[in-house]
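Novice: One structure follows; several queries about it will come next.
The values are calculated or read from the model by the stated rules, or taken from the named source; none is laboratory data. Keep in mind it's a predicted model, so treat the numbers as computed, not measured. Because the Cβ atoms are built from the backbone with ideal geometry, glycine has one as well, and the counts that use them run over all protein chains shown. With ligands, DNA and RNA removed, areas are computed over all heavy atoms of the protein, side chains included. Shrake-Rupley method; radii C 1.70, N 1.55, O 1.52, S 1.80 Å.
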Amino acid sequence: MHIHIQNEQEPGGNFEVSDSIIGEALARSGLASDTVVTLAHDKAGFRSAMETAGFLLMPVSIVRELLPHPAPHLKAIMCPSAGLEVLAPYEWLPSGVELLNNSGAQTEKVGEYVVMALLMLANHMAGAARSQRDHIWKRELGTPLRGRRLTIMGLGSLGGAAARWATTFGMKVTGVRTSDRPHVDCEHVVSFASIDQVLPQTDFLLIACPLTPFTTNLMNRERLALLPPHAGVINIGRGPVLDEDALCDALESGRLGGAVLDVFTTEPLPPSHRLWDTPGVLVTPHISAHDPNTLMPRTLDILFSNVRLWTNGEAMSNRYGIERGY
């Protein structure tokens, strides 16, 4: 089997793979000794590899630059991102070729980020940062996480990791997903159809669901109004799931307790956007799930696992459902 990895043209990016990372991942993979892995930064290397490659790994940023392209033996294309909705429409994807994401590669980092965000909200760190900037001594007393209710919208790899971490702090976790199927780290799981019933009992709301036509603007002005006045909001999913203007209005009026936001409708967040100056908001630039030390090794582990599954005639994991959006 020929596996090709296409790096971005400029070396040093967040999604770059090196020969040493490949060698270590191959040693862990259990793939046959005749497995061939090629690596390229330029278009010439890509064109040459596509003549025989069965699997292709490439960052989202260069997909439309290089595809479509003839690839007679290609079985699957993988991108080192969990959400691939930015690649729609998918006319560049060859017929019969599977699209894979790297869901599961970033769970440890995102779980720790959510714990950080919860602790910052519980201890009013956004207000403390503002008071420090303005040289004001203002005490806002926080409370422990134990016993408080966390509602998680989306129980995929990111939401599931957050649920595991939250339970270690003694939080009561309610999960929201497409079905009410139980989850090992949640006290309760409800379907999205019942979300309005759980929001009023929510101390912290974590948005960790993918962006689909259904989830777009799911946390709108009306649903934000269902949250208690002390509630905090965390978004690590996708920006358009949350009505940003409605959130700002709620925070400015004292209708919500605070927010930690890592994803936004427009990225980078424009300098003039009101979120920068809204009281109670902490902004991070889409970093919650990215660990530069482990992202690509774990992505390669997922890729090589799928190659092994395909070779054994088994269904591949991490298949991205274009119609459902995750």
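Novice: For the condition among the small types (Gly, Ala, Ser), open to solvent by less than 60 Å² (accessible area, probe 1.4 Å), in a helix (DSSP H, G or I) and out of contact with any strand residue (DSSP E or B) (no Cβ under 6 Å at 6 or more places or on another chain), what is the one hit in Ser305, Ser317?
Specialist: None of the other options fit; the residue is Ser305.
Every residue, every condition in (1) among the hydroxyl-bearing types (Ser, Thr, Tyr); (2) open to solvent by less than 60 Å² (accessible area, probe 1.4 Å); (3) free of Cβ contacts under 8 Å to residues at least 40 places away in the same chain; (4) in a loop (DSSP other than H, G, I, E, B), yes or no:
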| residue | (1), (2), (3), (4) |
| --- | --- |
| Glu8 | no, yes, no, yes |
| Val17 | no, yes, no, yes |
| Gly23 | no, yes, yes, no |
| Ala27 | no, no, yes, no |
| Leu31 | no, yes, no, yes |
| Thr38 | yes, yes, yes, no |
| Gly45 | no, yes, yes, no |
| Ser48 | yes, no, yes, no |
| Ile62 | no, yes, no, no |
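Novice: Limited to segment 267-302, what total is found for residues that are open to solvent by 50 Å² or more (accessible area, probe 1.4 Å) and free of Cβ contacts under 8 Å to residues at least 12 places away in the same chain?
Specialist: 5
Novice: Still on this structure, please answer the following. For segment 192-220, name all the residues that are farther than 18 Å from Leu247 by Cβ, open to solvent by less than 30 Å² (accessible area, probe 1.4 Å) and not in a helix (DSSP H, G or I).
Specialist: Across segment 192-220, the qualifying residue is only Thr212.
Novice: Could I ask something else about it? Look at Pro80 and say whether it is within 26 Å of Ala208 (Cβ to Cβ), open to solvent by 40 Å² or more (accessible area, probe 1.4 Å) and not aliphatic (A, V, I, L, M).
Specialist: no
Novice: While we're here: Does Gly54 qualify as being touching a residue at least 40 places away in the same chain (Cβ under 8 Å), open to solvent by less than 60 Å² (accessible area, probe 1.4 Å) and touching a helix residue (DSSP H, G or I) at 6+ places or on another chain (Cβ under 9 Å)?
Specialist: Yes.
Novice: Still on this model: For the list (1) touching an Asp or Glu at 6+ places or on another chain (Cβ under 8 Å); (2) more than 25 Å from Tyr326 (Cα to Cα); (3) open to solvent by less than 20 Å² (accessible area, probe 1.4 Å), I need the number of the one condition that Ala122 fails.
Specialist: (1)
Novice: From the list Pro68, Pro89, Pro94, Pro72, which one is touching a residue at least 24 places away in the same chain (Cβ under 8 Å), open to solvent by 70 Å² or more (accessible area, probe 1.4 Å) and either more than 14 Å from Ile5 (Cβ to Cβ) or in a helix (DSSP H, G or I) (or both)?
Specialist: Just a single option satisfies the conditions, and that option is Pro68.
Novice: Quick check, is Thr167 touching a Phe, Trp or Tyr at 6+ places or on another chain (Cβ under 8 Å), surrounded by 13 or more Cβ atoms within 10 Å (Cβ to Cβ) and not acidic (Asp, Glu)?
Specialist: no
Novice: Here is a further query. Condition first: farther than 21 Å from Pro200 by Cα, surrounded by 19 or more Cβ atoms within 10 Å (Cβ to Cβ) and in contact with a Gly (Cβ under 7 Å, 6 or more places away or on another chain). Now tell me which residues in segment 238-266 satisfy that.
Specialist: Arg238, Val263, Phe264 - these are the residues of segment 238-266 that are farther than 21 Å from Pro200 by Cα, surrounded by 19 or more Cβ atoms within 10 Å (Cβ to Cβ) and in contact with a Gly (Cβ under 7 Å, 6 or more places away or on another chain).
Novice: Could you check Ile136 against (1) buried (at least 16 other Cβ atoms within 10 Å of the Cβ); (2) over 20 Å from the mean Cα position of the chain (by Cα); (3) aliphatic (A, V, I, L, M) and say which number it fails?
Specialist: Ile136 satisfies every listed condition except (1).
Novice: Which numbered condition in (1) over 20 Å from the mean Cα position of the chain (by Cα); (2) open to solvent by 20 Å² or more (accessible area, probe 1.4 Å) is the only one that Ser103 fails?
Specialist: (1)
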